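**Student:** Dropping the structure in here first, questions after.
The values are calculated or read from the model by the stated rules, or taken from the named source; none is laboratory data. These numbers were taken from a predicted model, which means no experiment stands behind them. For neighbour counting, all protein chains shown are included, and Cβ atoms are generated from backbone atoms with ideal geometry for every residue, glycine included.
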Amino acid sequence: MPETLLSVRDLDMSFGGVQALSQVSFAVPAGRITAVIGPNGAGKTTAINCISGVYRPRGGRVVFNGHTINGQAPHVLARQGLTRTFQNLQVFANLSVLENVMVGLHAVTGRGFVSAMLRLPAQRAEERRIRQQAREALEFLGLQDSASLPAGQLSYGDRKRVELARALVAKPKLVLLDEPVAGLNPAETEDMGQALLAVRQQGVTLVLVEHDMSLVMRVSDQVVVLHFGRKIAQGDPQSIQRHPEVLRTYLGGRDEPIPGLDMDPAPPQEAARA
Amino acid sequence: MNREGRAFWWQLAALAAAVACAPLMVGNPYHLNVLNVMALNVLVVTGLNLLIGFAGNISLGHAAFYGLGAYISGILTSTHGWDPWLAMLAAACVVALVALLIGIPTLRLAGNYLVMATLGFNLIVTILILQLDEFTGGPSGFSGIPPLKIMGHSLASDQDFYWLAWTTALLGLLLARNLADSRVGRGLRALHDSPVAAAAVGVPTAAYKVQVFVLSAIYASVAGSLYAHYFGIVSPTTFDIFASVELVTMCLVGGMGNLWGGFFGAAFLTPLPLVLHVFEEYKDIFFGGILLLLLIFQPQGLAGLWARVRGARAARAGEGA
C-alpha cells in the first residue's frame with residue numbers, strides 16, 4: 001500500500017441543527033483514485049468543502065501531506081498542492097480558455113502588483129513560463145483549438161475539461177473532483193474517464209465525488225461510501241459492489257450486486273459556496 | 001507579443017498622437033482647460049475601472065480620495081512649504097493607508113459592503129473639509145497652492161500643464177493595462193467571475209481586492225494632487241458624493257472592465273456639461289439619462305460600442321473576401 005497523502009479523522013460538520021458529517025474517517029493513498037459515493041444528501045460535497053478549506057469542520061482533523069490543514073484558506077491549500085473542481089461549473093466565463101488555465105498556475109507563481117505594472121524582466125519571464133505550461137495542459141486535455149475563445153462560450157463538456165485543466169496545470173499533489181462527469185453524455189464521460197486515468201498515471205492523487213457508478217467502478221482504486229453523514233463502507237470497487245450495507249442503502253434490501261448501477265443523477269443540494 | 005498586445009500599442013500610439021495634435025487645434029485656452037480636467041478624470045476613472053471592472057467592487061468614495069490628494073498636497077505645500085512633488089508622494093501614501101484601513105474590514109466580506117463604507121467615508125471627508133476650516137479653508141475653499149515645477153520651470157499655464165496631465169494619464173493607462181494582462185490581473189478578473197474557484201487555484205481573493213482598491217485610490221490621489229497644483233485652489237464641492245457618482249458614471253458609460261473605458265467615459269462626459277451649458281440645471285438628468293440608456297442598450301459602454309463597430313466591419317470585410 002502506498003503512503004497516505006490525505007487522511008480525514010473523525011470529521012464532524014453541522015449546519016444549524018443538521019449533522020452533515022459525523023465521525024467520518026478515511027485515508028487517501030498517494031497516487032491512487034479514491035471515490036466518495038453515497039445517495040443525495042449523504043455529505044459528499046460537504047466533505048470536499050471541509051477538506052478544501054471552503055468550510056471549517058466542527059470537529060476532527062484533516063491531515064494533508066503530514067500537516068493538519070483544518071480551517072486553512074483554500075488559496076493557502078492550493079500553494080501546498082491541494083486543489084479542486086466544482087459540482088456546478090465554475091469556469092471564469094469572461095476569461096479565455098487559455099487564461100482560465102493560466103490562472104490555474106497562480107499557486108505556483110508569485111509576481112505581484114508592482115512587478116506586473118512595471119513589466120519587470122522577472123515578471124516577463126514568469127509570464128512566458130505560465131503561458132507555456134498552460135498551453136501544455138490544454139494540449140493534454142485536447143483543448144488547444146479553443147485556447148483563445150471565451151470559456152463561457154464552450155460546450156458544457158468542454159467547460160468541464162477546462163476546469164480539469166485549470167486544476168491540473170500547477171501539478172498539484174491532490175485534486176478533489178466534485179462530480180466530474182455530471183451532465184456529460186456517454187462519449188464525454190468515457191473521455192473524462194480516460195483523462196482521469198491518464199492523470200493518475202502522472203502520479204496525481206485524485207478524490208472524486210461521483211454519482212456515475214460505472215465510472216466509479218472503472219477508475220477507482222478505493223471507494224468510500226457515505227450515508228446520512230456517516231461512512232458505511234470503504235474498500236475496493238469489487239467489495240463495495242457486494243457490501244451488504246451499501247446494497248441496503250441503494251436498493252432497499254435486495255442483496256444481489258449490480259455493477260454499473262446508476263443512482264439518482266440529480267445533484268445533491270449541498271451548497272458549494274461558503 | 002500577441003495580437004491584443006500589438007493592438008493595445010497601436011491604440012495607445014493613436015491616442016498619444018491625438019493628444020500631441022490637440023493643442024494645435026485648440027485656440028481657446030478654456031477648451032485647453034477642459035482637456036486638462038479630462039486628463040485628470042481619465043486617470044481617476046482608469047483606476048476606478050480596475051476596481052469596478054476587473055475586481056467587481058464598486059466605490060462611491062473615489063471623489064474623496066481625489067479630494068484628499070488635492071487637499072493634502074495643497075496644505076503641505078501652501079501651509080508647510082513642502083516641495084509639490086514630495087507633497088504629491090506624501091498625499092498618495094496617506095490616501096493608500098486610508099484606503100487600506102477602509103478596505104481590510106469591508107473587502108473580506110462577501111457582498112458589496114465597500115459601496116456603503118466608501119459612501120459614508122466620502123460624506124465624512126466632505127464634513128471634515130467643511131468643519132476643519134482653519135486647516136482647509138472650509139466652504140470657501142483652500143487657495144494659494146503653488147504650481148508644480150520641472151527643473152525650475154513652472155507648470156502653471158494651461159499649455160504646460162496639458163503635457164503633464166496627459167503624460168500622466170497615458171502612463172496610468174499603460175500601467176493599468178500591464179496589470180490587467182498579468183498574473184495578478186487574471187487573478188482579479190477570475191475572482192470577479194467565481195471567487196471560490198479563484199481561491200481554489202491559489203488566488204488570495206481578499207488580499208487582491210484590498211490591493212486593487214488601494215491602487216485605485218492612489219490613482220485618484222495623484223490626480224487630486226495634480227488638480228490642486230494646476231488650479232491653485234480647491235473647494236469641497238468638487239470632491240463631494242455627487243462627484244463620486246459622476247466618476248462611477250464615467251466608468252460605466254466608458255465601459256467596465258475595458259481598459260479604454262476610463263478614457264472613453266471621461267472623454268465623453270467631461271466636456272458634456274460645457275457643451276450643454278444652456279441646460280446647466282438639467283446636467284444631472286442628462287447624466288442619469290445617458291447612464292440609463294447605456295445600461296439598457298449598450299452595457300459594455302462606449303469602449304464596447306467601439307469594439308462592436310470594429311467587429312461588424314471586420315465581419316463585413318470577411319464576407320467580402
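**Student:** Quickly run through region A:68-86 and pick out the residues that are touching a residue at least 60 places away in the same chain (Cβ under 8 Å) and buried (at least 21 other Cβ atoms within 10 Å of the Cβ).
**Tutor:** A:Ala78, A:Leu82, A:Thr83, A:Arg84, A:Thr85, A:Phe86
**Student:** Tell me, which residue of region B:138-155 that is part of a loop (DSSP other than H, G, I, E, B) and touching a residue at least 12 places away in the same chain (Cβ under 8 Å) is surrounded by the most Cβ atoms within 10 Å (Cβ to Cβ)?
**Tutor:** B:Ile145
**Student:** Can you find a residue in region A:29-36 that is within 14 Å of chain B (Cβ to nearest Cβ) and within 15 Å of the chain's Cα centre (by Cα)?
**Tutor:** no
**Student:** Let me confirm something: among A:Arg135, A:Arg166, A:Arg111, which residue is within 9 Å of chain B (Cβ to nearest Cβ), among the basic types (Lys, Arg) and either part of a helix (DSSP H, G or I) or under 23 Å from the mean Cα position of the chain (by Cα) (or both)?
**Tutor:** None of the other options fit; the residue is A:Arg166.
**Student:** For a quick check of your reading of the model, give me the residue pairs whose first member lies in region B:4-15 and is on the phi < 0 side of the Ramachandran plot, whose second is at pLDDT below 85, with beta-carbon atoms closer than 9 Å and at least 6 apart or on different chains.
**Tutor:** As it stands, the answer is B:Trp9/B:Met1, since those pairs meet every condition given.
**Student:** Please go through (1) hydrophobic (A, V, I, L, M, F, W, C); (2) within 28 Å of A:Ala125 (Cα to Cα); (3) touching a residue at least 12 places away in the same chain (Cβ under 8 Å) for B:Ala197 and return the number of the only condition it doesn't satisfy.
**Tutor:** (3)
**Student:** Do you know which residues across region B:148-171 are within 23 Å of B:Val45 (Cβ to Cβ) and among the charged types (D, E, K, R)?
**Tutor:** Listed by number, the list holds a single entry, B:Asp158.
**Student:** How many of the residues in region A:14-31 are touching a residue at least 40 places away in the same chain (Cβ under 8 Å) and farther than 21 Å from A:Ala78 by Cβ?
**Tutor:** Count: 10.
**Student:** Kindly establish whether A:Glu127 is in contact with an Asp or Glu (Cβ under 9 Å, 6 or more places away or on another chain), facing another protein chain (nearest Cβ under 8 Å) and acidic (Asp, Glu).
**Tutor:** In short, yes.
**Student:** Can you report the number of residues in region A:171-187 which are acidic (Asp, Glu) and in a loop (DSSP other than H, G, I, E, B)? Quick ask: steps written out before the conclusion?
**Tutor:** From region A:171-187, those acidic (Asp, Glu) are A:178-179; that's our starting set.
Within this subset, residues satisfying the condition of being in a loop (DSSP other than H, G, I, E, B) are A:179.
Final tally of qualifying residues: 1.
**Student:** Scan region A:32-52 residue by residue and report those that are assigned to a loop (DSSP other than H, G, I, E, B) and either without any contact (Cβ under 8 Å) to a residue 24 or more places away in the chain or buried (at least 24 other Cβ atoms within 10 Å of the Cβ) (or both).
**Tutor:** Once the filter is applied, which keeps residues that are assigned to a loop (DSSP other than H, G, I, E, B) and either without any contact (Cβ under 8 Å) to a residue 24 or more places away in the chain or buried (at least 24 other Cβ atoms within 10 Å of the Cβ) (or both), region A:32-52 yields A:Gly38, A:Ala42, A:Gly43, A:Ser52.
**Student:** Got at least one residue in region A:48-62 being away from every other protein chain (no Cβ under 14 Å) and more than 15 Å from A:Met13 (Cβ to Cβ)?
**Tutor:** No, there is no match, as no residue in region A:48-62 is away from every other protein chain (no Cβ under 14 Å) and more than 15 Å from A:Met13 (Cβ to Cβ).
**Student:** Taking region A:197-240, which residues are in contact (Cβ under 8 Å) with a residue 40 or more places away in the chain, in a strand (DSSP E or B) and under 21 Å from A:Glu3 (Cα atoms)?
**Tutor:** Within region A:197-240, A:Thr205, A:Leu206, A:Val207, A:Leu208, A:Gln222, A:Val223, A:Val224, A:Gln234 qualify.
**Student:** I'm checking my understanding of the structure. Among residues of region A:169-191 that are under 15 Å from A:Leu89 (Cα atoms) and either surrounded by fewer than 23 Cβ atoms within 10 Å (Cβ to Cβ) or small (Gly, Ala, Ser) (or both), which one is farthest from the other protein chains (Cβ to nearest Cβ)?
**Tutor:** Checking each candidate, the answer is A:Leu184.
**Student:** Among the listed residues B:Leu252, B:Leu259, B:Leu269, B:Leu247, which satisfies the condition of being buried (at least 21 other Cβ atoms within 10 Å of the Cβ), touching a Lys or Arg at 6+ places or on another chain (Cβ under 8 Å) and either among the polar types (S, T, N, Q) or modelled with pLDDT of 85 or more (or both)? Spell out the reasoning first.
**Tutor:** Numbers: B:Leu252 fails: touching a Lys or Arg at 6+ places or on another chain (Cβ under 8 Å); B:Leu269 fails: touching a Lys or Arg at 6+ places or on another chain (Cβ under 8 Å); B:Leu247 fails: touching a Lys or Arg at 6+ places or on another chain (Cβ under 8 Å).
Exactly one residue qualifies, and that residue is B:Leu259.
**Student:** Turning to a different aspect of this structure: When residues of region B:107-128 are filtered for being farther than 25 Å from B:Thr238 by Cβ and in contact with a helix residue (DSSP H, G or I) (Cβ under 6 Å, 6 or more places away or on another chain), how many remain?
**Tutor:** Residues in region B:107-128 being farther than 25 Å from B:Thr238 by Cβ and in contact with a helix residue (DSSP H, G or I) (Cβ under 6 Å, 6 or more places away or on another chain): 3 in total.
**Student:** Report the residue count in region A:86-99 for those that are of a type outside the set (D, E, K, R) and at the interface with chain B (Cβ under 8 Å from one of its Cβ atoms).
**Tutor:** Within region A:86-99, residues that are of a type outside the set (D, E, K, R) and at the interface with chain B (Cβ under 8 Å from one of its Cβ atoms) number 7.
**Student:** For region A:139-153, which positions are within 14 Å of chain B (Cβ to nearest Cβ) and buried (at least 20 other Cβ atoms within 10 Å of the Cβ)?
**Tutor:** Across region A:139-153, the qualifying residue is only A:Ala151.
**Student:** A:Leu77 - would you say it is assigned to a helix (DSSP H, G or I), more than 8 Å from chain B (Cβ to nearest Cβ), closer than 28 Å to A:Leu21 by Cβ and not charged (D, E, K, R)?
**Tutor:** Details: assigned to a helix (DSSP H, G or I): yes; more than 8 Å from chain B (Cβ to nearest Cβ): yes; closer than 28 Å to A:Leu21 by Cβ: yes; not charged (D, E, K, R): yes.
Yes.
**Student:** Checking the conditions here, which among B:Leu191, B:Leu173, B:Leu130, B:Leu164 is modelled with pLDDT of 95 or more, within 12 Å of chain A (Cβ to nearest Cβ) and surrounded by 14 or more Cβ atoms within 10 Å (Cβ to Cβ)?
**Tutor:** None of the other options fit; the residue is B:Leu173.
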